[in-house]
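Asks: Structure incoming, see below.
Nothing in this text is a laboratory measurement; each read-out follows from the coordinates by a stated rule. As the structure is a prediction and not an experimental result, all values here were calculated from the model. Positions of Cβ are backbone-derived with ideal geometry, glycine not excepted, and every protein chain shown enters the neighbour counts.
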Amino acid sequence: MATTRLLRGLPLVAALASSLAAAAPLTADGTDDVADYVIVGGGPAGFVVAEYLTRNPDVSVTLLDAGPDLDSDPNISVPGRFAFNDKGIWMFFVEPDPQLGGRTPDLGQGGALGGGSTINNMIYCRGAASVFDEWAEISGNYGLAWESLLEDFRATTSWQDEAEITYEQPVNASVFGDGPLAVSRQRQQFALDQRLADTMQARLNVDVVDMASGDGIGVSQGLNTIRAKDRTRSYAYSAFGHIANTRSNFHLHANAWVSTIGFAGTTADSVTYNDTTTNTMHTIRAKEIIVAAGAVKSPHLLMLSGIGPADRLEELGIPVVKDVPEVGQNLVDHHNSLVSFAAAPEELTLWQYQYDATVREEADAEYARNGDGLLGTQWGDVFATVRLPDEAFEGVDGSFFQNLPADRPHVAYQYINVGVIPDVANVSSITAWVGLVQPEATGNITLASANYQDAPTIFANYFGSPADRAAILYGYKELRSLLNCDSLKPILTKELFPSANVTSDDDIWAAIQETARSWHHPVGTVSLGTVLDANWRVKGIDGLRVVGSPAMPYVSTCPIQSTVYALSHRAAIDIATADGV
């Protein structure tokens with residue numbers, strides 16, 4: 001499969017099929033035994049909460065996930081093969097976006113046990129501390145403040161460094177604990193890595209920083225959710241789900257596509273799901289239901305179940321349990337746009353692995369021996385986050401960006417040794433991008449129909465304010481300038497896209513539109529402080545909570561997986577404390 005298709009348009013998974021994990025027995029009428037908790041969604045949020053709650057042997061937990069178990073798939077477990085994965089993905093697409101000339105980028109989400117952590121690029125980054133302090137104020141849950149949530153970051157992770165890794169990257173081991181999720185550095189450095197890190201420091205006037213310790217701005221050679229001992233992916237199912245699976249009070253149903261939540265008045269009391277291996281419907285009763293299905297599918301499920309904007313629900317004939325207009329609103333993501341450069345032969349790229357038999361055979365053998373080499377990496381991990389100068393916002397109201405706390409960046413720069421942009425020369429290349437870290441404009445998600453099998457309608461609102469557009473334009477120009485520096489020319493030999501002859505703002509804006517894409521970090525659609533109270537409950541509803549990325553008031557300043565783990569651990573503590581379990 002072509003690399004460009006792999007990372008720009010992941011295949012649609014219409015029906016997810018695999019063997020069922022250990023499941024609770026069904027009663028004769030097709031209804032599961034009653035559980036204390038039913039968790040909908042088996043990503044980082046769902047498995048962290050399940051593992052925590054099942055520590056109490058007197059509490060029964062059933063977790064339902066629509067996806068298959070891909071734990072034995074090498075495209076999941078081998079870090080460098082993540083670019084070949086075409087399974088376990090819910091392929092959503094946004095509506096035609098006027099800011100992008102009507103383009104419809106994908107918003108693919110994890111669709112296997114482990115959720116997004118099964119298919120992501122494994123970056124572990126926490127970002128600016130002020131984000132979490134503000135979330136605490138917004139939500140009224142002061143366990144979310146940085147100094148408090150740091151305990152949850154510790155509880156979910158373990159730091160695994162290796163003495164033979166000698167490149168400079170500050171890491172404070174004390175901000176990690178002995179949790180199930182392994183975090184490590186790259187063994188394999190690419191020819192570009194140190195040159196790029198040095199060039200970023202000089203050009204962007206920032207330092208190399210530890211983005212696991214509360215820093216938001218700087219250069220990082222990155223941390224990854226990769227086990228040091230064997231260089232395999234550490235992800236939600238293998239880290240937390242395997243622990244929960246050892247407990248008799250935990251029941252896991254893979255291939256269980258939840259259609260609706262049932263209510264008695266305004267109390268959630270059941271979940272109905274389709275076992276997609278047999279295409280049979282089942283209902284399970286619960287004392288409490290916890291939705292952990294991500295920022296796209298969580299609001300989708302709530303609206304299908306009668307919680308959301310009443311006018312839209314009534315249009316579709318869905319009985320309204322509670323009118324909550326904010327459900328599906330406040331969609332925030334890290335939108336970005338791409339550039340591409342031809343790479344010198346010494347820069348090992350995915351193209352070389354695919355088309356050079358010698359490179360491929362050596363990489364396969366090296367990984368088989370000790371986990372080293374290309375397949376033990378995630379194809380490049382140098383990135384930088386910066387604030388933009390005031391001149392970036394000349395002619396527009398840039399106050400949203402300028403008034404963000406000083407530890408928060410405006411844009412992020414990242415690269416990968418993978419050719420992502422279609423229609424460029426078929427050569428060994430790298431792709432780099434600039435993304436808005438905390439955009440001003442937000443999008444929304446609504447129902448397309450009352451059928452749970454129909455994808456929701458997603459309005460992403462890329463670069464949706466004048467300041468957003470000014471920021472991405474300035475950042476895109478800066479990225480091109482940086483990558484064309486003399487210090488990088490021995491490795492980056494030619495700009496392939498948009499190409500050196502693209503110089504006017506109009507042409508650059510067209511390039512931004514053409515390559516605009518999601519970093520697949522959507523959050524905020526069932527937010528704390530609006531839809532949810534301080535204890536993760538849907539306001540005005542009993543027996544229903546939402547955790548994970550949809551609960552975030554807005555997006556953090558890093559790839560979000562680290563925060564979803566920690567936030568969900570905090571939620572699990574809050575739930576157990578409030579419920580006396």
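Asks: Using the Karplus curve 6.51 cos²θ - 1.76 cosθ + 1.60 with θ = phi - 60°, what ³J(HN,Hα) values do you get for each residue of the range 440-445, in whole Hz, with x for Gly and Pro?
Replies: Calculated HN-Hα couplings, in order: 6, 7, 10, x, 7, 10 Hz.
Asks: In which sequence would Asp397, Asp36 go, from the one with the fewest C-beta neighbours within 10 Å to the one with the most? Intermediate values should be presented prior to the final figure.
Replies: Numbers: Asp397 13, Asp36 18.
Taking fewest neighbouring Cβ atoms as first place, the list is Asp397, Asp36.
Asks: Right, something else. Hey, can you rank 94-101, 381-388 by average C-beta count inside 10 Å, highest first?
Replies: Numbers: 94-101: 16.9, 381-388: 24.0.
Packing order, densest peptide first, comes out as 381-388, 94-101.
Asks: Would you kindly derive the ³J(HN,Hα) couplings of the range 218-231 from the backbone phi angles with the Karplus curve 6.51 cos²θ - 1.76 cosθ + 1.60 (θ = phi - 60°), listing them in order in whole Hz, with x for Gly and Pro?
Replies: Computed from phi, the couplings for the range 218-231 are x, 10, 9, 8, x, 10, 9, 7, 10, 5, 5, 5, 9, 6 Hz.
Asks: Leu223: net charge of surrounding residues, Cβ under 11 Å, Lys/Arg +1, Asp/Glu -1, itself excluded?
Replies: Working: positive: Arg126, Arg185; negative: Asp161, Asp210, Asp381.
Residues near Leu223 contribute -1 overall.
Asks: In terms of Cα to Cα distance under 16 Å, which lysines are near enough to Lys322, apart from those fewer than 8 places away along the same chain?
Replies: Lys539
Asks: Could you state the orientation-averaged shadow area of the convex hull built on the Cα atoms of the chain, in nm² to one decimal?
Replies: Details: hull surface 97.5 nm².
For the chain, averaging the hull's shadow over all directions gives 24.4 nm².
Asks: Please give the peptides 364-374, 214-224, 54-64 ranked by average Cβ packing (other Cβ atoms within 10 Å per residue), highest first, as a rough proxy for protection.
Replies: Going from most to least packed, we get 214-224, 54-64, 364-374.
Asks: Sticking with this one: In debye to the nearest 20, how big a dipole does the chain give about its Cα centre with +1 on each Lys and Arg Cβ and -1 on each Asp and Glu Cβ? The partial results should precede the final answer.
Replies: Values: 36 positive and 69 negative charges, 129 e Å.
Here the chain has a charge dipole of around 620 debye.
Asks: Still on this structure: Give the Rg (one decimal place) followed by the Dmax (whole number) of the range 160-316, computed from C-alpha coordinates and expressed in Å.
Replies: Values for the range 160-316 (Cα only, Rg and Dmax): 22.8, 62 Å.
Asks: Between helix 44-53 and the chain, what is the angle of the helix's C-alpha long axis to the longest principal axis, kept within 0 to 90° and rounded to the nearest 10?
Replies: Taking the Cα atoms of the chain, the angle to 44-53 is about 40 degrees.
Asks: Return a whole-number percent for the relative contact order of the chain, with Cα pairs under 8 Å and 6 or more residues apart as the contact set.
Replies: Details: 1435 pairs, mean separation 128.0, N = 581.
Reported relative contact order: 22 percent.
Asks: Follow-up question, since we're still on this one. Which order, highest average first, do 283-296, 245-258, 475-488 follow once you tally other Cβ atoms within 10 Å for each residue and take the mean per peptide?
Replies: Numbers: 283-296: 25.3, 245-258: 20.9, 475-488: 17.7.
Top to bottom by mean Cβ count within 10 Å: 283-296, 245-258, 475-488.
Asks: Pop out the ³J(HN,Hα) list for the range 55-66 in order, Karplus 6.51 cos²θ - 1.76 cosθ + 1.60 with θ = phi - 60°, rounded to Hz; leave Gly and Pro as x.
Replies: 4, 8, x, 8, 10, 9, 10, 10, 10, 10, 9, 6
Asks: Check cross-link reach from Lys477 to the lysines: straight Cα distance under 20 Å, and skip same-chain residues fewer than eight apart.
Replies: Lys489, Lys494
Asks: 5 Å is the cut-off here: which amide hydrogens, built 1.01 Å from N in the peptide plane, fall below it relative to Ile39, excluding neighbours closer than 5 in sequence?
Replies: Thr62, Leu63, Leu64, Ile290
Asks: Still on this model: How far is helix 191-204 tilted off the main Cα axis of the chain, in degrees rounded to 10, range 0 to 90?
Replies: In the chain, helix 191-204 runs at an angle near 90 degrees to the longest axis.
Asks: I want to check the label-to-label distance for Thr104 and Val175. Put each point 7 Å from Cα in the C-beta direction and report it in nm to one decimal.
Replies: Label at Thr104, label at Val175, 4.1 nm between them.
Asks: Using modelled backbone amide H atoms (1.01 Å from N, in-plane), which distant-in-sequence or interchain residues come within less than 5 Å of Arg103's amide H?
Replies: So Arg103 has HN proximity to Asp97.
Asks: Got a sec? Charge dipole of the chain, +1 on Cβ for Lys and Arg, -1 for Asp and Glu; which of Gly111, Ala425, Thr358 is way out at the positive end?
Replies: Of the options given, the answer is Thr358.
Asks: If you fit an axis through the alpha-carbon atoms of helix 294-304 and take the longest principal axis of the Cα set of the chain, what angle between them do you get, 0 to 90°, nearest 10?
Replies: It is inclined by approximately 30 degrees.
Asks: With unit charges on the beta carbon (Lys/Arg positive, Asp/Glu negative), name the residue among Phe153, Ala128, Ala163 whose Cα is farthest towards the positive pole of the charge dipole of the range 118-223.
Replies: Of the candidates, Ala163 comes out farthest on the positive side.
Asks: Tell me which aspartates and glutamates have Cα within less than 17 Å of Lys229's Cα, excluding those fewer than 8 residues away on the same chain?
Replies: Asp161, Glu162, Glu164, Asp178, Glu366, Asp372
Asks: Hey, with R₀ at 56 Å, roughly what FRET efficiency would Glu394 and Tyr142 work out to, going by the Cβ-Cβ distance, to 0.05? Before the final figure, lay out each step's value.
Replies: Working: r = 39 Å, r/R0 = 0.70.
Taking R0 as 56 Å, the efficiency between Glu394 and Tyr142 is 0.90.
Asks: Within the range 544-564, what residues put their amide N at less than 20 Å from the label point 7 Å along the Cα-to-Cβ vector of Val34?
Replies: From the range 544-564, the list is 544-545.
Asks: For the range 212-349, with only Lys/Arg (+1) and Asp/Glu (-1) charged at the beta-carbon, what is the dipole magnitude about the Cα centre, in debye rounded to 20? The partial results should precede the final answer.
Replies: Numbers: 10 positive and 13 negative charges, 135 e Å.
Charge dipole, the range 212-349, about its Cα centre: 660 debye, nearest 20.
Asks: Continuing with the same structure: Given a Förster distance of 51 angstrom, what is the FRET efficiency for Thr503 paired with Ala365, based on the Cβ-Cβ distance and rounded to 0.05?
Replies: Working: r = 46 Å, r/R0 = 0.89.
The computed FRET efficiency comes out at 0.65.
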